[in-house]
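The values are calculated or read from the model by the stated rules, or taken from the named source; none is laboratory data. Every value quoted in this text rests on a predicted model; they were computed, and no experiment measured them. Because the Cβ atoms are built from the backbone with ideal geometry, glycine has one as well, and the counts that use them run over all protein chains shown.
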Amino acid sequence: MRHFRPAIALFTISLTTQARAEIDFVHQVVPILKEHCSECHAGEEAEGGFSMNTRDLFLDDETAEPGKAHESYFIDLIYDPDPDYQMPPDDKPRVPENQIAVLEKWVNEGMKWEAGFTFGTPTYEPPFKPRRPELPETTDGRDHPVDRIIDHYLSSENLEQPLLIDDSTFIRRVSLDLTGLLPEADRVRRFLSDDSPTKRETLIDELLADDVPYTEHWLTFWNDLLRNDYAGTGFITGGRTQISEWLYQSLKDNKPFDAMVRELIAPADTASSGFINGIEWRGTVSAGQTLPIQFSQSLSQSFLGINMKCASCHDSFLDRWTLDDAYGLAAIYSEEPIELHRCDKPTGEAAKAAWLFPEIGNIDAAAPKDKRLKQLANLMTHPENGRVPRTIVNRLWGQLMGRGIVHPLDAMQTEPWNEDLLDWLASDFQENGYDLKHALRRITTSAAYQGATAPHQNSEEGESYTFDGPRPKRLTAEQYVDAIWQITGNAPASYDAPVARGVVDPALVEKLSFESSWVWGPSAKPGPPPHGEKILLKKEFSPGKKKVRSAGLIAAADNAYVLYLNGRKIMDGSRWSELDAAPIANAIKPSNRLLIVAENRGPKPNAAGAFCALRIEYEDGTDEIIMTDETWKVSQTVPAGSRPNNWKLDDLSWADAVAVNIAQWKEATDKRIGQTLARASAGSDRLVRASLLKADDLMRALGRPNRDQIVTSRPSELTTLEAVNLATSDDLVTDLQAGAKKLAGNLSTDALIDEVYLSTLSRFPTEAEKSFATEALGETPDEATITDLLWAVTMTPEFLIVR
Amino acid sequence: MKFDIDPEAPESIVRRDFLKKLGAASTAAMMSGAPQIVRGAGVEHPEAKADACILLWMGGGMAAPETFDPKRYAPFEKGMSADSVLSTFPSIDTSVDNIKICAGMENIAKVMDRGTLLRSVVQPDLGSILHSRHQYHWHTGYVPPQTVAAPHLGAWMARVLGPNNEVMPPFINIGQRLEGVGEKEELKAFTTAGFFGSEYGPMNLPFPEEASAAVRPPEGMTGSRFSDRNKLYRQLVDRSPHREYASDFQQESLIRSMDNAYRLLSSKEREAFDIEKEPQEVREAYDTGRFGRGCLLARRLVENGARFVEVTTEYVPFLHWDTHANGHDTVSRLHNEIDRPIAQLVLDLEERGLLDRTLVIVATEFSRDAMMEGKPGSEANDQATHKVDNITEMKHYGLHRHFTGGSSVMMFGGGVKKGHLYGATADERPLIAVEDPVTITDLHATMMTAMGVSPRTVFMIEGRPFYVTQDGVGKPVKEIFA
């Protein structure tokens, strides 16, 4: 509630403010504000949400009205006689009348403010340019650069070096960190019995060189950081595009990070433009979420570790960034001139394209958009820009060590716990060509990375952090799902990411670039088919004894389909503009039946069609393409249930499929057929990884974020609902049963227990564990017992937490 | 723990003084990932009028003139002019003298004297009508897109109030599929605890008749095998060399979560998820379809200590309340689907003495109109399937456009007045709220106030104060409370 001062006071003041000269802000106003207000409303203090650090903050929320002292709330408060409302608070001295007069005159004259002046006390300001600190002397023979810095730090802080981990802990930690996968039992055995003194480095090199597992693990980190996904808000209205293909290939090629940044900020084509183009919503959105502002926020957060979300609404309370800064970045992206909005209200000021660290150059605001973006890309990857490399190496350190050198990862203005370490790693990264794998190798080869994790009693830590070794990390949703599939072999047949997992031959892409042909049932003649209609399409084919070398399948439908091969669901989809693909070499039999259930959706009758193409390559070098056409059979009745093997297909009435070819469909799909089908054919027999799938319930529950916002850290704890899910899941039991089947019968109980421990925990069981498990399993354990042992082991903290 | 709020908080509400109360928290900590409640930020929680909340969600846009706010009835006549249609159902009397509702809802009419009807709820003009965007707004209090993931109101209750019975998940979401339906990604964007993290997220039960599967051992596993499996797990944990980390918070919380899960799965409350446990006649009283069965499930869950339960008629583009054509016939069917179970739920809660402490809300993202898209002055595209001046077929007869200028919300129990009417819309088109308009923000404040959560409850996330009602400005409609 607002309290207005008594009229009498207003009268008095109007008599005493007749001075001629203009108020001098710095010499007259600042001392008054400092004396009476700054204790609570400047620097880091913002009582009542009011900070007067900058003029914009002063004006925020109508605390003052330039030109109108009598309408300015802060003046009201100074006059207010009510001890509950008056300012300064009633236990502080009142502001003398002559000083109030100065303030009123200052307001009436428009509240002039010295450019750049702030009441804010400068907090830590990180260096911007790169810095390569001298390495301290080697102690205890630990000559790794990271260890030289950390050992020096530890001894100057009188701290102990964390103990080194054993080989089992190491191989599990480093495999999960670099490839996201558990090391296989045999690999663990080999590693444990290897007595080479350099075996840890060799293992690191092998893991980093294994480019597909590496890529498919780090894809998760990058998808989170760049808010890329295969489904999510915005796609439905075409307001968002993926960068998946570009990202996957960049990681696989170990593209230098500076090149990635340039291609993301100034994309040459649509492959990498999804990051800067953000998520566009139909209809009006608040000023703080327009596409140019999203650009400003995403770029700042991902690459500079700056939270520009605050400053894109008002000057930040938390760091030095202002509304001007946020809009300056936005204007680099915007095609149109944009007006600054403070807390969603227009200010009348036009934004000028500019970037945040002009000490190494700036943007030519008059240049066209593509030039501006290129200029920004160059500034971001400028050799004198130390902020970008610091931000990314800090993120990598955080991924591997469980906590950043600067914490939190998105607040790079915070003082690092060891400036030399951050600066050395950043410049080492820069000097080595922004090589991400080089940075990962640097960190993982250090004794610091190979230190033991200490227990911590609280998730929150106080102000002071001291390095005491890496922090434990919970398996991410993707790591957990992958691990289960590794143990059980029960990964799905197809995946959602539009990426090539194997090597795609360009000649094959060319060869497979044919035109699509679409079909529907009799209702398409003349059409349009009724909405809600479901049809069943059927095709049988028999390669006989010919041996299959590779096979790929693609499909799309307007509006939705589910595709089964020999009774097994291969894939489904509901976007006619997207080709789904699956490698299916293992699923081809001497004689086969393809079934597609297709559905027409919408509010009224409308065009409907389904398309599928299968390419089989045989060992003898020949190949064969099977595509939807009029030789397919169609039933207008679809049997109930989701198990085609139970359907009585002979009882249905079958007609010839009707060709329907709509230009829109072909336009969307035909240019991608070669690429997609070649890719599916090249798909190896590697297990599908969770990072390539859309998020499902389980992954969401395990903490995979909806990538509508950039989320750079995953939850560290397991929640009750997740635990309920894991305890009741039918699918998990089915998966684990498949794993149990592989183990049962082949091994003695003794060997089986070793195998379980090695493949899940990367170690042999202790004697106590061995004798307990032997007792639990019995001499000839059945599948159910092994299944339950696998479940129990995979629920233990040792399995779920990476130490 | 009942409230995660400093009981020593000062009583006076000083404007936006949250930062002061952060005390020694550094700016860095404020930027960090975990949301932090701002303790004693001048936030005074009102005394709770209700312990549980059941939201009955009419997804797709329930037309007020076809349900709770009947206007002039225009029976179907071939060739009638489209703009003569305000309501396609006649009105009927209810147990409250001055309240009439649409024919087809005779059972709800009988329990009208147990609740308050708000007829003047309004939505913002978002420039283009997208159901899921308005649903996001309704469920989180914030218009998307947002720079942080906004929590669902059920997650707010779970986070601030916790469950009534600690065995039960506090936030349960019944009837909405999140896979295999259109706009599913948009639905997921608000069916979440957002930045609170999945501990406070929804337990999703899309098929009420299958809910018990979510809390029973995996298919084909006997109870004894299930408990043996859990014992095996405990013994492995006890024998693991990693027990040396027993004091570690991550390890400890993981084991606690597993214990909590097992406790639910072996509890008597587990049976609350099984509607088959109800006598045949009770199941029949509710069973008008998935929604009706969902209402029965909601009652059982609330009886056993759930905090927030949502039951939806399910949002699927162009289906159910999303009537772009065939409105009259579709709504007739929906009347059948919702009328008995809603009334039965109110009566059952009353009979068990739970109605006074349970807030039951019937709501939707916006209303519908036969002619107007959006509200007067809106530039939203006309999305009716058949754009006709004269109605020649039944499929033209109904309210096929999205209307944001005035919709109805029905509340029962939870301390609201009985047999009370609040707000009014115009009698002629445009049927906008002409008396006591209530915004989504104020509606949120009203629901939260009933539940004992201050509309100014605030968490810091990424250095930003994030309030339970948009920017903390929601004001409860105090007049509807008894």
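Details
- Test: residue in the stretch A:287-300 that is of a type in the set (Val, Ile, Thr), under 22 Å from B:Glu186 (Cβ atoms) and either more than 13 Å from chain B (Cβ to nearest Cβ) or crowded, with 24+ Cβ neighbours inside 10 Å (or both): yes
- For the stretch A:505-550, the set of residues classified as within 32 Å of the chain's Cα centre (by Cα) and either under 16 Å from A:Gly573 (Cα atoms) or surrounded by 16 or more Cβ atoms within 10 Å (Cβ to Cβ) (or both) consists of A:Val509 only.
- Qualifying residue in the stretch A:357-365 (condition: crowded, with 20+ Cβ neighbours inside 10 Å, in a helix (DSSP H, G or I), away from chain B (no Cβ under 14 Å) and in contact (Cβ under 8 Å) with a residue 40 or more places away in the chain): no
- A residue that is on the phi > 0 side of the Ramachandran plot, surrounded by 23 or more Cβ atoms within 10 Å (Cβ to Cβ), modelled with pLDDT of 95 or more and not polar (S, T, N, Q) cannot be found anywhere in the stretch B:157-172.
- Yes/no for A:Gly641 being under 17 Å from A:Asn566 (Cβ atoms), exposed (fewer than 15 other Cβ atoms within 10 Å of the Cβ) and at pLDDT below 90: yes
- The residue pairs whose first member lies in the stretch A:405-420 and is at the interface with another protein chain (Cβ under 9 Å from one of its Cβ atoms), whose second member is among the basic types (Lys, Arg), and whose beta carbons are closer than 6 Å, counting only pairs six or more residues apart or on different chains, are A:Leu409/A:Arg395.
- Residues of the stretch A:508-533 that turn out to be touching a helix residue (DSSP H, G or I) at 6+ places or on another chain (Cβ under 9 Å) and either aliphatic (A, V, I, L, M) or assigned to a helix (DSSP H, G or I) (or both), as a count: 5
- Consider the stretch A:585-638 and keep the residues that are basic (Lys, Arg) and away from chain B (no Cβ under 14 Å). The one that is surrounded by the fewest Cβ atoms within 10 Å (Cβ to Cβ) is A:Lys589.
- Pairs, first over 13 Å from A:Arg474 (Cα atoms) and within 7 Å of chain A (Cβ to nearest Cβ) in the stretch B:242-257, second among the β-branched types (Val, Ile, Thr) and not in a helix (DSSP H, G or I), C-beta under 6 Å, six or more apart: B:Ser257/A:Thr719
- Of the residues making up the stretch B:206-264, those that are modelled with pLDDT under 90 and among the charged types (D, E, K, R) are B:Glu219, B:Arg243, B:Glu244, B:Asp248, B:Glu252, B:Arg256.
- Residue within the stretch A:204-227 that is free of Cβ contacts under 8 Å to residues at least 24 places away in the same chain and either in contact with a Leu (Cβ under 7 Å, 6 or more places away or on another chain) or of a type outside the set (Asp, Glu) (or both) present: yes
- Per-region count, the stretch A:334-361, residues closer than 15 Å to A:Gly288 by Cβ and of a type outside the set (Val, Ile, Thr): 10
- Cβ separations smaller than 8 Å between residues 6+ apart or across chains give no pair from the stretch A:527-541 residues that are outside the structural domain of A:Arg593 (by TED's automatic domain parsing) to residues that are surrounded by fewer than 19 Cβ atoms within 10 Å (Cβ to Cβ).
- Tally, over the stretch A:231-270, of residues that are crowded, with 20+ Cβ neighbours inside 10 Å and within 21 Å of A:Thr676 (Cα to Cα): 9
- Put simply, of B:Gly182, B:Gly197, B:Gly201, B:Gly175 the only residue that is over 30 Å from A:Thr785 (Cα atoms), facing another protein chain (nearest Cβ under 9 Å) and crowded, with 23+ Cβ neighbours inside 10 Å is B:Gly201.
- Residue count for the stretch A:96-137, restricted to those that are modelled with pLDDT of 90 or more and of a type in the set (Asp, Glu): 3
- Of all residues in the stretch B:352-366, none are free of Cβ contacts under 8 Å to residues at least 24 places away in the same chain and farther than 30 Å from B:Met448 by Cβ.
- Any hit, the stretch B:110-126, residues being modelled with pLDDT under 95 and more than 23 Å from B:Thr192 (Cα to Cα): yes
Each row is one residue, and each column tells you yes or no for (1) touching a Pro at 6+ places or on another chain (Cβ under 7 Å); (2) of a type in the set (Val, Ile, Thr); (3) more than 13 Å from every other protein chain (Cβ to nearest Cβ).
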{"site": "A:Ala738", "(1), (2), (3)": "no, no, yes"}
{"site": "A:Glu767", "(1), (2), (3)": "no, no, no"}
{"site": "A:Ala773", "(1), (2), (3)": "yes, no, no"}
{"site": "A:Thr780", "(1), (2), (3)": "no, yes, yes"}
{"site": "A:Thr785", "(1), (2), (3)": "no, yes, no"}
{"site": "A:Trp791", "(1), (2), (3)": "no, no, no"}
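- Residues of the stretch A:644-675 that turn out to be in a helix (DSSP H, G or I), over 24 Å from A:Pro526 (Cβ atoms) and either modelled with pLDDT of 90 or more or outside the structural domain of A:Lys511 (by TED's automatic domain parsing) (or both), as a count: 6
- Beta carbons closer than 7 Å, at least 6 apart along the sequence or on distinct chains, pair a first residue in the stretch B:368-397 that is on the phi > 0 side of the Ramachandran plot with a second that is surrounded by 23 or more Cβ atoms within 10 Å (Cβ to Cβ) for B:Gly374/B:Ile129; B:Gly374/B:His402; B:Gly374/B:Thr404.
- Top-ranked residue of the stretch A:309-320 - restricted to ones that are surrounded by fewer than 24 Cβ atoms within 10 Å (Cβ to Cβ) and more than 9 Å from every other protein chain (Cβ to nearest Cβ), ranked as nearest to A:Lys345 (Cα to Cα): A:His314
- Of the strands (runs of 3 or more DSSP E) lying entirely inside the stretch B:330-430, those containing at least 2 residues that are crowded, with 23+ Cβ neighbours inside 10 Å span B:358-363, B:367-369, B:401-403, B:407-413.
- Residues in the stretch A:695-708 that are surrounded by fewer than 22 Cβ atoms within 10 Å (Cβ to Cβ), facing chain B (nearest Cβ under 9 Å) and in contact (Cβ under 8 Å) with a residue 60 or more places away in the chain: A:Arg700, A:Asn706.
- Selection from the stretch A:347-403 of residues that are over 22 Å from A:Gln413 (Cα atoms) and among the hydroxyl-bearing types (Ser, Thr, Tyr): A:Thr347
- Candidates A:Ile293, A:Ile243, A:Ile265: the one that is β-branched (Val, Ile, Thr) and under 12 Å from A:Arg707 (Cβ atoms) is A:Ile243.
- When residues of the stretch A:271-282 are limited to those that are surrounded by fewer than 21 Cβ atoms within 10 Å (Cβ to Cβ) and free of Cβ contacts under 8 Å to residues at least 40 places away in the same chain, the one nearest to the other protein chains (Cβ to nearest Cβ): A:Asn277
- Within the option set B:Ala384, B:Ala370, being modelled with pLDDT under 95 and either more than 19 Å from the chain's Cα centre (by Cα) or not charged (D, E, K, R) (or both) holds for one residue only, B:Ala384.
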